[in-house]
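Structure first, commentary second.
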Amino acid sequence: MAWRSRIVSTMRVAVFSSKRYDQTHLAAANANHDHELVFLEPRLDETTASLAGGAPVVCAFVNDDCSEPVLAQLAADGTRMLALRSAGFNHVDLDAARDLGLTVARVPAYSPHAVAEFTVGMILALNRKYHRAHARVREGNFSLEGLAGFDLRNRTVGVVGTGQIGLVVAEILKGFGCDLLGYDPFPNDEAAKLGVQYADLDELLAASDIITLHCPLTPDTHHLIDEDALGNMKTGAMLINTSRGALVDTEAAIEALKDGRLGHLGLDVYEEEADLFFEDLSDRVITDDVFSRLLTFPNVLVTGHQAFFTEEALTQIAETTLGNITAFSKGERSGNEL
Ligand code: NAI
């Protein structure tokens, strides 16, 4: 009866926001699962939800709209599972999903190294100004004026959120000889063993030369870095956010950059990124003036949510996502349900 169990466990999966790289990795991982993957390029929202066409499983990414009206429409059409290709789930109305009987599963860990290594790269690039140096050399300008940075050795780095990614960031920066501070409501023994000294958030902000954010976005952490927090930082400090955009009040950060309190800002995520990131908008006018203002600063580096983007991470995301779907199809739990 092997054929019967195989048919029973095969699911039609509507994969929203699917780019070529998602399609390649999901198709490869699907060789071990045999689900029917329907790749849809549009972002999931109220206007595109009907494209799922009643697929029992909808697969979504970080900027897909998983609010109550969208989930209600999917559930009404027959969807029973939301399979997230991300660790973060701040974009999902979990209460609504529960009420609608939708199972939601995520990819809790894929490669903390991918995000951590990118974070450290951003620190180095901003400090030593690789982005400006590259542009200068291409123009035949070999002047070093304005490119001086600082040694990372003996600098204090504050890691906000010392979970999987924050811990790897701390490990890497320890190798640079940095002093490490941590803030996390649930301190991590491994981080403490590494030499991370836990402090409260205000102490960390006041003492750190570099602050890097690795906590989830929740109602409690929305605008964790606001005008007051920026005011508590050392003058000239560097702030890095590779976690979720709304952890930082962008307009307050712009004011702090303008008056020189904030020395460097590195963002891989932006609070209004859903209308921008992951698309080629190079032929269009960007109408978000806050975002556009960010791009005018010489000491700001913005990337389009790419910290996760390594082969290893894409492979792991695809394998875990399909594993979650297969478990659901068999009426089992993968352990990654929310
Ligand atoms: P994790 O769950 O292992 O660690 C998060 C840590 O934050 C936990 O230790 C938790 O106790 C702590 N935390 C919770 N509330 C906090 C608060 N108010 N202040 C300080 N710490 C707090 O998560 P992981 O895997 O390390 O990921 C962290 C975040 O990175 C995710 O929530 C996600 O938003 C973001 N991320 C970004 C990616 C990108 O491509 N830019 C890719 C993957 C994740």
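The values are calculated or read from the model by the stated rules, or taken from the named source; none is laboratory data. The structure displayed is predicted, hence computed values, not measured ones. Backbone-built Cβ (ideal geometry, glycine too); neighbour counts: all protein chains shown. The protein model used for the area step is the full one, side chains on, heavy atoms only, and it has no ligands, DNA or RNA in it. Shrake-Rupley method; radii C 1.70, N 1.55, O 1.52, S 1.80 Å.
Residue count for segment 212-241, restricted to those that are open to solvent by 10 Å² or more (accessible area, probe 1.4 Å), within 11 Å of the ligand (Cβ to nearest atom) and within 19 Å of residue 127 (Cβ to Cβ): 1.
When segment 148-164 is filtered for residues that are within 15 Å of the ligand (Cβ to nearest atom) and more than 18 Å from residue 201 (Cα to Cα), only 164 remains.
Scanning segment 89-102 for residues that are open to solvent by 20 Å² or more (accessible area, probe 1.4 Å) and either within 12 Å of the ligand (Cβ to nearest atom) or over 23 Å from residue 10 (Cα atoms) (or both) turns up 89, 90, 91, 93, 94, 95, 98, 99.
Within segment 159-183, the only residue that satisfies the criterion of being in contact with a Gly (Cβ under 8 Å, 6 or more places away or on another chain), in a helix (DSSP H, G or I) and under 14 Å from residue 242 (Cα atoms) is 166. Restricting attention to segment 32-49, does a residue exist that is within 20 Å of residue 336 (Cα to Cα) and assigned to a helix (DSSP H, G or I)? So far as segment 32-49 goes, no, none of its residues is within 20 Å of residue 336 (Cα to Cα) and assigned to a helix (DSSP H, G or I). Selection within segment 256-277: residues that are charged (D, E, K, R) and within 11 Å of the ligand (Cβ to nearest atom). The member of this set that is nearest to residue 92 (Cα to Cα) is 273.
Kindly indicate the residue of segment 20-41 that is of a type in the set (D, E, K, R) and within 17 Å of residue 9 (Cα to Cα) and also least open to solvent (accessible area, probe 1.4 Å) among those meeting that condition. Among those that are of a type in the set (D, E, K, R) and within 17 Å of residue 9 (Cα to Cα), it is 34.
The residues of segment 106-148 that are open to solvent by 40 Å² or more (accessible area, probe 1.4 Å), among the small types (Gly, Ala, Ser) and part of a loop (DSSP other than H, G, I, E, B), listed by number, are 109, 140, 143, 146, 148.
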